[in-house]
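*Asks:* Would you mind keeping the following structure in view while I ask a few things?
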Amino acid sequence: MKSRIIVTGGLGFIGSHTVVALHEAGFEPIIIDNLSNSRLSALDGIENLIGFRPQFAQIDVNDAFALKQLFEEVKPQAVIHFAAFKAVGESVEKPLMYYRNNVGGLITLLEMMKETGIKDVVFSSSCTVYGEPSEIPVKESTETKPAESPYGATKQMGEVILKDNSSWCNTQCLRYFNPIGAHPSAEIGELPLGVPNNLIPYLTQTVAGIRKSLTVFGSDYDTPDGTCIRDYIHVVDLAEAHVSAVKRLLDQSYADSFEVFNIGTGNGSTVLEVIQGFEKATGLPVPHTIGDRRAGDVVKVWAETTKVENVLGWKAKRNLETMLKDAWNWQKKLSERADN
Ligand code: UFG
C-alpha cells in the first residue's frame with residue numbers, strides 16, 4: 001500500500017506542485033484546503049497531470065473536529081503543512097488574522113496529530129527568519145533575526161513550537177527562499193488574487209498587459225547593479241525537496257527529531273537580472289521603471305546549500321531561464337482562462 005501523506009494547503013502554489021511530486025514518487029497525497037486563497041481549478045490541473053482526482057477535503061486547519069475525523073479515517077503516515085497566509089504587507093495590517101491562522105492553525109494541527117498518533121511533519125518556513133542576514137550565503141546555523149512583520153513572526157513561532165514538541169513529533173523544517181515558476185505543463189501555477197505583491201506575478205501580468213509597468217523597488221542598494229538580490233527557486237524543485245523530506249521522516253534517517261534545511265539554489269539574482277533574464281528567455285520586453293525602495297526589503301540573501309545537498313540529498317536542478325519561461329507559459333494559460 002502507498003504511504004498516505006496529508007497536504008494542508010494542497011491546492012495552493014507550492015502545495016499543488018508538491019501533491020504532483022508526491023504522486024510521482026509513489027505516495028498517495030490527500031489534500032486539505034479551505035480554498036481561502038486557492039481555487040478548485042488547481043484540483044483540475046492536478047487531475048490532468050496525474051490522471052485522476054486525488055482525495056480532497058475542504059477543511060480549515062483551525063477546525064480540530066474535522067481534522068481529527070479525517071486523520072482517523074485516512075490514517076496518514078505524515079503531514080506536509082503549507083496552509084498559512086503569506087502576504088507580508090497584509091500581515092502588518094491584520095496581525096491577529098495571521099497569528100490565528102498561521103500559529104493557531106499549526107497548534108490545532110499538532111494537537112490533532114498527537115491525538116491520532118501521527119508523528120511526522122514537514123513545515124513550510126522561510127528565509128525571512130534570517131532577516132538581513134549576518135553572513136551570505138546563509139547557512140542553517142546563521143543567526144535568526146527579530147521578525148520584520150507578523151508574517152515573519154508566525155514562521156519563527158512555528159519553528160519554536162515544533163522544536164518544543166520534538167519529544168513526540170519529528171519535523172523537517174524547510175526554509176524556502178523565493179519560489180517562482182510553474183509546472184512545465186502549465187496545468188498548475190500561482191494564482192495571485194488581486195494585485196500581486198511579488199516580483200514574478202507582477203512581471204508576468206505586466207508583460208501580459210494586465211498591469212501597465214513594473215516598478216523596480218530601489219536601484220541604490222549596495223549590490224552590483226543597485227537592485228536587491230534574491231535566491232529564486234523553481235517551484236517544482238521546491239516540491240521535490242518536500243518529497244525528500246518526507247522520505248527522510250518515513251525512513252527515520254534523520255539525525256535529530258527537529259531538522260532545518262535551506263531550500264534555495266545557492267545563486268542570487270538582482271531584480272534587473274531577473275527582468276533581463278525574462279526578456280532573453282521569452283524574447284518579450286518588460287515595461288519597467290525604477291521607483292523608491294520598498295519598506296522592509298532585505299538587500300541581499302541567498303542560500304548556502306551544502307547541508308541540504310549532503311544531508312537531505314536534494315539539489316535544485318532548474319535554472320533561472322527555465323523558471324521564467326515556465327512562469328510565462330503559466331501566465332499565458334491564465335490569460336486565456338475565464339477564472340483568472
Ligand atoms: N520587487 C520589485 N517590484 C515589485 C515586486 C518586487 O522590484 O513589484 C523586488 C523586491 O523589492 C525584491 C524582489 O523583487 O527585491 C523580490 O520581491 P518579492 O516580493 O517577490 O519577494 P520577497 O523577497 O520580498 O518575499 C519573499 C516571500 C515572502 C518572504 C520573503 C522573505 O514572498 O513570503 O521572501 O525574505 F517572507
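The values are calculated or read from the model by the stated rules, or taken from the named source; none is laboratory data. It should be emphasised that the depicted structure is a prediction, and the values quoted were computed from it without experimental measurement. FYI the Cβ positions are ideal-geometry reconstructions off the backbone, even for glycines, and counts take in every protein chain you see. SASA here: full protein model, heavy atoms, side chains in, ligands and nucleic acids out. Shrake-Rupley method; radii C 1.70, N 1.55, O 1.52, S 1.80 Å.
*Asks:* Points 7 angstrom from Cα along the Cβ direction at LYS75 and GLU135: gap in nanometres?
*Replies:* Spacing of the two 7 Å Cα→Cβ label points: 4.7 nm.
*Asks:* Restricting the calculation to Cα positions, tell me the Rg (one decimal) and the Dmax (whole number) of the chain in Å.
*Replies:* Values for the chain (Cα only, Rg and Dmax): 19.1, 57 Å.
*Asks:* Follow-up question, since we're still on this one. May I ask for the percentage of alpha-carbon pairs in the stretch 254-335 that lie more than 19 Å from each other?
*Replies:* In whole percent, the share of Cα-Cα pairs in the stretch 254-335 beyond 19 Å is 56.
*Asks:* Please compute the contact order of the stretch 81-176 in relative form: average sequence separation of alpha-carbon pairs under 8 Å and at least six residues apart, divided by the residue count, as a percent.
*Replies:* Values: 119 pairs, mean separation 36.5, N = 96.
Over the stretch 81-176, the number comes to 38 percent.
*Asks:* Right, here's the next one. How much accessible surface area, in Å² rounded to 10, belongs to the heavy atoms of PHE65 with a 1.4 Å probe?
*Replies:* My reading of the accessible area for PHE65 is about 150 Å².
*Asks:* So if R0 is 22 Å, what FRET efficiency would ASP297 and GLN276 give, r being the distance between their Cβ atoms, rounded to the nearest 0.05? Please list the in-between numbers first.
*Replies:* Values: r = 20 Å, r/R0 = 0.90.
Computed FRET efficiency for ASP297 and GLN276: 0.65.
*Asks:* Between the stretch 262-335 and the stretch 201-224, how many Å separate their Cα centres?
*Replies:* 13
*Asks:* While we're here: Most mobile of ALA21, ALA241, ALA281 per a Gaussian network model of the chain (Cα springs, under 10 Å)?
*Replies:* Greatest mean-square fluctuation among the candidates belongs to ALA281.
*Asks:* Take the Cβ-Cβ distance between GLU90 and THR289 as r, set R0 to 25 Å, and report the resulting FRET efficiency rounded to the nearest 0.05.
*Replies:* On the way: r = 25 Å, r/R0 = 0.99.
In this case the efficiency is close to 0.50.
*Asks:* While we're looking at this one, here's another question. Could you size up the charge dipole of the chain around its Cα centre, putting +1 on the beta carbon of Lys and Arg and -1 on that of Asp and Glu, and report it in debye to the nearest 20? Intermediate results must be reported in sequence, preceding the final value.
*Replies:* Details: 33 positive and 42 negative charges, 74 e Å.
With Lys and Arg at +1 and Asp and Glu at -1, about 360 debye.
*Asks:* Using the Cα centre of the stretch 144-202 as the reference point, and only Cβ charges (+1 on K/R, -1 on D/E), how large is the resulting charge dipole? Debye, rounded to the nearest 20.
*Replies:* 200
*Asks:* Turning to a different aspect of this structure: So what J values fall out for the stretch 118-128 if you push phi through Karplus, 6.51 cos²θ - 1.76 cosθ + 1.60 with θ = phi - 60°, rounded to Hz, Gly and Pro as x?
*Replies:* 9, 10, 10, 9, 9, 10, 7, 10, 8, 5, 4
*Asks:* At 7 Å along Cα-to-Cβ for each site, give me the label-to-label distance between LYS332 and ARG100 in nm.
*Replies:* In this crude spin-label approximation the distance works out to 4.3 nm.
*Asks:* Once you've got the GNM for the chain with C-alpha springs shorter than 10 Å, pick whichever of ARG318, ARG230, ARG294 has the biggest mean-square fluctuation.
*Replies:* Answer for the Gaussian network model of the chain: ARG294.
*Asks:* Of ILE107, ILE200, ILE188, which has the largest mean-square fluctuation in a 10 Å C-alpha GNM of the chain?
*Replies:* Comparing ILE107, ILE200, ILE188 in the GNM, the peak value goes to ILE107.
*Asks:* Now for a separate question. So what's the back-of-envelope 222 nm ellipticity for the chain, counting only DSSP H runs of four-plus at -39500 (n - 2.57) apiece and dividing by all residues, rounded to 500? Can you show the working numbers first?
*Replies:* Details: 11 runs with 123 residues, N = 340.
-11000 deg cm²/dmol, from helical runs alone.
*Asks:* Next up: Take SER167, project a point 7 Å from its Cα along the Cβ direction, then tell me which residues of the stretch 82-115 have their backbone nitrogen under 16 Å from it.
*Replies:* Under 16 Å, as judged by backbone N against the label point of SER167, lie 111, 114-115 of the stretch 82-115.
*Asks:* Sequence neighbours fewer than 8 away in the same chain don't count; with that in mind, list the lysines whose C-alpha is under 16 Å from LYS68.
*Replies:* The reachable lysines, counting only those whose Cα sits under 16 Å from LYS68, are LYS114, LYS119.
*Asks:* Of LYS280/LYS333; LYS155/LYS315; LYS247/LYS332; LYS145/LYS280, which ones are farther than 26 Å apart at the Cα?
*Replies:* Details: LYS280/LYS333 20 Å; LYS155/LYS315 23 Å; LYS247/LYS332 35 Å; LYS145/LYS280 37 Å.
Going by Cα-Cα distance, LYS247/LYS332; LYS145/LYS280 fall outside the 26 Å limit.
*Asks:* Ok, one more. Report the Cα centroid-to-centroid distance between the stretch 61-82 and the stretch 110-129 in angstrom, as an integer.
*Replies:* Cα centroid of the stretch 61-82 versus Cα centroid of the stretch 110-129: 11 Å apart.
*Asks:* If you consider only alpha-carbon coordinates, what radius of gyration and Dmax does the stretch 107-239 have, in Å?
*Replies:* Calculated on Cα positions, Rg and Dmax stand at 18.0, 53 Å.
*Asks:* Would you mind checking which residues have amide H under 5 Å from CYS228's amide H? H placed 1.01 Å from N; only 5 or more apart, or other chain.
*Replies:* Placed amide hydrogens put VAL271 under 5 Å from CYS228.
*Asks:* Another one. Starting from 0 in steps of 5 Å, tell me what percent of the Cα-Cα pairs of the stretch 189-317 lands in each bin.
*Replies:* 2, 9, 16, 18, 17, 14, 10, 8, 5, 2, 0
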